[in-house]
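The values are calculated or read from the model by the stated rules, or taken from the named source; none is laboratory data. Bear in mind the structure is a predicted one, so any value in this text is a computation, not a measurement. Please note: Cβ atoms are built from the backbone with ideal geometry, for glycine as well, and neighbour counts cover all protein chains shown.
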Amino acid sequence: MLYMPDKLINQLETYRLDHKITQEELADKLGVAFSTVNRWLNDKNKPSKIQIHQIKKLLDKAKTK
């Protein structure tokens, strides 16, 4: 499945809110800095291809639970 960065970021924020975790906790799960997640969620930056892969893995894992 192809993810568009904007849609993916919306899904990531939904995941964060559904799981009641902070941006910092989300950053830890993805292996990135808090500031990176914050910039994604505030539309200041887009994730790299590698980061998109990590986000997809996290979201796909959540779907299987």
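Every residue in the range 12-36 that is part of a helix (DSSP H, G or I) and surrounded by fewer than 16 Cβ atoms within 10 Å (Cβ to Cβ), please.
Answer for the range 12-36, where residues must be part of a helix (DSSP H, G or I) and surrounded by fewer than 16 Cβ atoms within 10 Å (Cβ to Cβ): E13, T14, L17, D18, E24, E25, D28, F34, S35.
Given the condition more than 10 Å from the chain's Cα centre (by Cα), modelled with pLDDT under 95 and assigned to a helix (DSSP H, G or I), answer yes or no: does some residue in the range 37-49 qualify?
Yes.
Among L8, L2, which is surrounded by 14 or more Cβ atoms within 10 Å (Cβ to Cβ), of a type in the set (A, V, I, L, M), at negative phi and at pLDDT below 95?
Details: L2 fails: surrounded by 14 or more Cβ atoms within 10 Å (Cβ to Cβ).
The conditions single out L8.
Among all residue pairs at least 6 apart or on different chains, which show Cβ distances below 7 Å where the first residue, located in the range 38-51, is closer than 20 Å to I21 by Cβ and the second is crowded, with 16+ Cβ neighbours inside 10 Å and of a type in the set (A, V, I, L, M, F, W, C)?
W40/I9; L41/I9; P47/W40; P47/I55; Q51/V32
Are there any pairs, at least 6 apart or on different chains, whose C-beta atoms fall under 9 Å, with the first in the range 3-19 and touching a residue at least 12 places away in the same chain (Cβ under 8 Å) and the second loosely packed, with under 10 Cβ neighbours inside 10 Å, and if so, which?
none
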